[in-house]
Structure formats: structure tokens, C-alpha cells
1. Taking B:ALA35, is it modelled with pLDDT of 95 or more and out of contact with any Ser or Thr (no Cβ under 8 Å at 6 or more places or on another chain)?
2. Please give the number of the condition B:GLU81 fails out of (1) closer than 18 Å to B:LYS168 by Cβ; (2) part of a loop (DSSP other than H, G, I, E, B).
3. What's the total number of residues in segment A:196-212 that are over 22 Å from A:GLY143 (Cα atoms) and not in a loop (DSSP other than H, G, I, E, B)?
4. Test B:VAL218 against the stated conditions and say whether it is within 22 Å of B:MET187 (Cα to Cα), touching a residue at least 24 places away in the same chain (Cβ under 8 Å) and β-branched (Val, Ile, Thr).
5. With the requirement that a residue be among the hydrophobic types (A, V, I, L, M, F, W, C) and within 14 Å of chain A (Cβ to nearest Cβ), what does segment B:108-137 give you?
6. Can you name the condition, by its number, that A:ALA142 falls short on among (1) within 14 Å of A:THR109 (Cβ to Cβ); (2) more than 15 Å from the chain's Cα centre (by Cα)?
7. Over 19 Å from the mean Cα position of the chain (by Cα) and within 14 Å of another protein chain (Cβ to nearest Cβ): is that true of B:ASP246 in this structure?
8. Can you confirm whether segment B:49-66 contains a residue that is under 25 Å from B:GLY157 (Cβ atoms) and either surrounded by 20 or more Cβ atoms within 10 Å (Cβ to Cβ) or touching a residue at least 12 places away in the same chain (Cβ under 8 Å) (or both)?
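The values are calculated or read from the model by the stated rules, or taken from the named source; none is laboratory data. From a predicted model like this one, the values you see are computed outputs, not experimental measurements. As a convention, Cβ positions derive from the backbone with ideal geometry for all residues, glycine included, and neighbour counts pool all protein chains shown.
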Amino acid sequence: MSEEVVFKGSRSGLKLILTNTVDFPTIENLIRQKLDSSFNFFQEGTVIQLEAGWLNKAQKQSVRGIFSSYGLILQDGYEEKAEPLKVSLESVDRTQAHESEDKDRKLKTTVINQTIRNGQEVISDGSIIINGNVNPGASIIAGGNIEVRGACRGIVHAGAFGDVNATVTAEYLIPMQIRVADLVARAPDKRMSKADAPYPEKAYVSKGKIVLEAINR
Amino acid sequence: MSDVIVVTSGKGGVGKTTTTANLGVGLAKRGNKVALIDTDTGLRNLDLLLGLENRIMYDLVDVATGRISYKKALVRHKKHETLFLLPTSQIRDKTAVTGQQLIDICNEMRGEFDYILIDCPAGIEQGFKTAIAAADYAIVVTMPEVAAVRDADKIIGELNRADKDRIKLVVNRIRSHMVDSGDMLDMDDINDILAIDCIGQVPDDEMVVTSTNRGEPVISNKKSLAGQAYNNIVGRICGEQIPFLDLRKKTLFDKLKQILHV
């Protein structure tokens, strides 16, 4: 595969890295090829940061045009670097999320009043509260904390952008995996049931490990 | 106005087609005019289960492309006068019929039938999307098994995404002795995860296999427990309140207790 056009996932979201080893029309073609071959992979509305300082304004505009024709949003990583980490992952849940108007990342909380089923995904750069269950095969990814007011059986990732102080709480905390920042804890190989978590629990990072603790509510 | 019901499951082999055939026969027996539409293009089976394979002249693809009217493609059941099958093509594949075409066909048929049951193919791709497009509500079939429940959960999510909010659950092929020994999920486990209204619990029954091979759905067999369970589902679809069958095998001692009323 070509090395001139590379997509890279990072803490701040997806990055498009272009190197100036070939001419611009070739780059454009390569981008189209990549996007065609990864059709359905990128969700519409995904924000991608451009990392190619060598492109001139017109060229950047043209690249941006290609992305928007695929329903994707390209942000110039150089131009907007000064701003502190703008939303790189929109809350792209296919469920009806009721987002608070607050744009502040720290304060933003997404509340979802329904069960998240197998194959569904809720992503937010703030905190997420689920009033319902998180079923096996579902995943919840939050920049902040995750709270499940129900049984949590899917995959939960709190502090997805590196916040080790993020926590996961659930009425029944029996997930496949708990991830906090870059740490992962997985469920025991034995199949878990509600009886294995009879009280609400909270997961957080302590001494470089994810620990669970019973909480009172 | 009729109800268009899609029977779906996600996973294969849980009994979508069997359920469709049995519900079709059951609804027809109660005097309803019923059409069954097979949308499993390329892998059609519904005609086999109904014993109608040798009567097929035209298929869903012919109707969808407008070559013939749906009336010409319908196959009347040999025993049940008010039961009709709209078979699909065995030669073409799932791309041959679109959701909009199926909606148009169903809208045309609504006036004439009390119930239209759509047999959905396994999977969540084009065939599934076509099958659910026309439905007023969905019956999700699952089995007391982790993989089947997981797929049913996915399917419910997909149905919600397509704005199909009326969803009923049928749990098929229950082996009560395995449920009792904890080797199979019990109804509580299933309800806990899927959390939708359950309208049927059907036991795993050898008579389903023999009746499938004979082309006469098991619902007509009064001796079969699965047949009774399907009959009850039909009643519930018609709005009756029927308690679930006790699927546990009765020991001699249980039977004695029943006789003596203790």
C-alpha cells in the first residue's frame, strides 16, 4: 500500500497524514482510492484532522472537497492546533441522544434513555449516562465518565482520550471489558450473571490497575 | 386493513421459516385470509414446509419487476383454502427485490388479506432490509442459546433503527431439561437482555422435523407440544390472553400429583 496517504488513529481522533513525496494529483487519486476501499468504514460526519503542512490553501480546499463528497469532515490540524482539542469524535450514536447544550468538554454529558443493544455504539467526548441496559456486543466510549443505570454487559471505555481519573459505574457492573484511558480489564472467562454483581459498583484506576468497588446509592 | 408481519431472527436455523409456516396455517385455520411471502430469494424453503413446491409457476421477482400481477404468482394451499404463498425465486439473489418493491406489493395485497406474513432471510444485509421494509410489526424468533439471543438483540436494534417499534418475541426450540440443568438460557435470562414482549415459547420437538419433511406444518398435529405452542401464539396474535405452556417433561410422580390435585 502507498505510504503517501495514511490514516492514523490517535487520542485526539483520526488523522490524515500526507507526505510530499509524490505530486498533488497523485495524492488526490490515492485519497479517493483509500476512501472507496474503506467505504462504509467511516461513519458519515466523522471528523478527520489533516496533517500536511506542505499543502497550499487551494490544495487543502480540494482535499476537503473530496472528503465532504464522502460525507466526512476534514479539519486542518495546523490551522486549528491552537484551539484546545476540538470535538474529534462527534457523538455519533444512532440512538436519540439528548445532549446538553453546554459546549464545554468537561461538563458535557450525553444522556440516553434506552437500552443499547448488540452492535450499537455510543461515542461522546464528554460523559455518558445510560438510563437502560448496555447489552453484550454494545460499546460505550466516553471522554469522561460512564454511568449505566441498569445492567452493563457490553464494552465500556471511560476516559477514552487519556483521562485516567474517569470512572464507570453501573447498577450491575458485569461488562465484557472495562477500559479506562489506556488500561483494559476483561471479564472472567466464566459467564457472568446479575448474581455476580448484586450491588452497584464503580470501576476506576488505582495504582495503574482498574479496580471495582461497591458503592452506595 | 391487514397486518403485515415480518418474521426475522438474525441468526440462521432458529426456525423463522418454520414459525412463518405454522403461524400462517394457524391463522388460516381460524378463518383469516393469509398470505405468506418468502423473501429468502435464492434459498427459498417456505414452499417446501408447506408442501407447495410442485405448484409454483411464478415468483416474487416476477411480481416485483411488474411482469405479472401478484395474484398470478400466489399459490393456494392444498388443505387450507384461505392460505396463500407468494414464493420467491430460487435462481436470483437478494438484490433482485428492493424494499420499495415489497412495500408496493404489500400495499396492493392489503385489501385482500387479513394477515400478510413475510419470511425474512438470515443476516442483516440487503435481504433483511428488504423484508422488514413493508412490515407493520415484527416477530423476532430466537433460541435459548447465547449466540441466538445475541443476534436477536442486534436485530431488535436494527428494527428500531428502521423505526419498527412494534416487536414481539418467540423463543423457539426450548429443551426444558437443559434449561432446568442450567445448560440452556432460561426465559428470565432472555427477557432480561432482550426486554421485549414475548408471545411464544415453543419446545424443541422431533415432530417439527418430520412435519417439515412431509410439508405439513406441525401446528396441525394435535399430539405435538410444539404444535400447541404455535396454536397459542396464533391466539395471542389475534389478541387472546393465553398462558404459556408448561414445557417441563412430567414424571410419573408429577402426573399422579396432578390427578390427586395435590
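1. Answer is yes for this residue.
2. Looking at each condition in turn, B:GLU81 falls short on (1).
3. Final tally of qualifying residues: 1.
4. Considered against the rule, which asks whether it is within 22 Å of B:MET187 (Cα to Cα), touching a residue at least 24 places away in the same chain (Cβ under 8 Å) and β-branched (Val, Ile, Thr), B:VAL218 comes out as no.
5. B:ILE124, B:PHE128, listed by residue number.
6. Just one mismatch for A:ALA142, condition (2).
7. So B:ASP246 fails the test.
8. No - not one qualifying residue is present in segment B:49-66.
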